[in-house]
Amino acid sequence: MIAFVFPGQGSQHAGMGKDLVDNFPVARAVFEEANDALGFDLATLCFNGPDEDLKLTTNTQPAILTTSIAALKVLEQETGLVPAYVAGHSLGEYSALVCAGGLTFADAVRTVRKRGAFMQEAVPVGVGAMAAVIGLDAALLDEVCATAAAGEVVSPANFNSPGQVVIAGHATAVERAMSLALGKGAKRALRLPVSAPFHCSLMTPAGERLDKVLAAIEPGVLRLPVVTNVEAAPNADASRIRHLLVAQVSAPVRWDDSVVRMAELGVERFIEIGPGKVLCGLIKRIARHVSAANIEDCASLQKII
């Protein structure tokens with residue numbers, strides 16, 4: 001049994017998607033559709049950068065989504081593989097929904113462009129922060145965050161793999177939590193180079209704005225169950241897509257539990273579709289008995305074929 005999984009922010013790099021576009025008309029068509037839907041040349045930004053522009057959240061989100069769907073179309077055309085489940089990390093859940101039929105690509109790419117702006121604008125630059133905490137039990141990290149908050153916000157944002165949890169909130173509270181975590185036995189605590197504190201309660205205003213955008217979009221019938229970030233469980237009900245995507249903005253990404261759940265359901269092979277291999281690395285730490293491979297260019301496609 002196979003699952004298709006899709007990466008989120010942090011996997012972007014200049015040049016992504018170009019190899020597939022140069023070799024497969026179906027990939028080129030995806031980038032052309034993105035350009036038309038957004039009204040600017042996203043393809044050139046993905047292929048040539050500069051990295052500083054690619055790192056802007058409003059650009060990063062549609063860029064990764066488009067690269068992922070271009071790779072998906074090539075994979076479907078060249079292999080005929082059909083997954084039993086799909087999932088994506090944060091932004092990647094939109095790619096998963098496109099794959100499953102819950103959103104059209106044009107609707108998804110326009111929505112994530114706005115989602116990026118809403119998330120960036122929810123908290124002034126410098127006020128929020130995120131940090132990766134390595135080697136601390138999740139329950140103990142909850143206690144650390146509760147102590148460190150001291151009237152501010154800091155909480156687990158991404159449960160990525162056993163012993164790797166990202167926290168988010170006010171920058172000062174995140175710093176306090178990092179110090180406390182190290183004092184409680186964490187191996188490392190590292191500030192992440194992000195522009196906003198994603199997946200914490202500070203993102204609630206972004207979720208409210210996103211809700212209005214999603215209200216105008218008619219979801220499609222889900223052909224495949226999507227294992228959602230919020231619940232770490234399969235969803236096959238299209239009427240729940242809007243609620244789950246709104247909740248996702250300020251709720252933690254339960255990636256660890258999502259992979260465990262898919263493995264329990266019988267998934268033995270995970271294919272990461274889009275730029276980078278971040279999810280492959282996490283999956284191998286979460287479920288050691290499964291296989292994980294990625295597709296982002298012609299060389300990686302050949303390994304899957």
**OP:** Identify, from the list 11, 90, 68, 95, the residue that is touching a Leu at 6+ places or on another chain (Cβ under 6 Å) and small (Gly, Ala, Ser).
**Re:** 95
Subject >> Matching residues in region 96-116 - criterion: being in a helix (DSSP H, G or I), of a type in the set (Gly, Ala, Ser) and at pLDDT 95 or above >> reply: 96, 100, 106, 108
Original post:
Which fully enclosed strands (runs of 3 or more DSSP E) of region 149-213 have 1 or more residues being within 18 Å of the chain's Cα centre (by Cα), buried (at least 18 other Cβ atoms within 10 Å of the Cβ) and in contact (Cβ under 8 Å) with a residue 60 or more places away in the chain?
Top reply: 154-161, 164-170
**OP:** Mind telling me which of the residues 290, 260, 226 ends up being surrounded by fewer than 20 Cβ atoms within 10 Å (Cβ to Cβ), at pLDDT 95 or above, in contact with a helix residue (DSSP H, G or I) (Cβ under 8 Å, 6 or more places away or on another chain) and within 14 Å of residue 4 (Cα to Cα)?
**Re:** 290
**OP:** Would you point out the residue of region 249-305, among those that are among the polar types (S, T, N, Q) and outside any strand (DSSP E or B), that is nearest to residue 205 (Cα to Cα)?
**Re:** 250
Subject >> Matching residues in region 1-27 - criterion: being touching a residue at least 12 places away in the same chain (Cβ under 8 Å), assigned to a helix (DSSP H, G or I) and farther than 24 Å from residue 291 by Cα >> reply: 18, 19, 21, 23, 26, 27
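The values are calculated or read from the model by the stated rules, or taken from the named source; none is laboratory data. If you're wondering where the values come from, they're calculated on a predicted model, not measured in any experiment. Don't worry about glycine lacking a Cβ; one is built from the backbone with ideal geometry, like all the others, and counts go over all protein chains shown.
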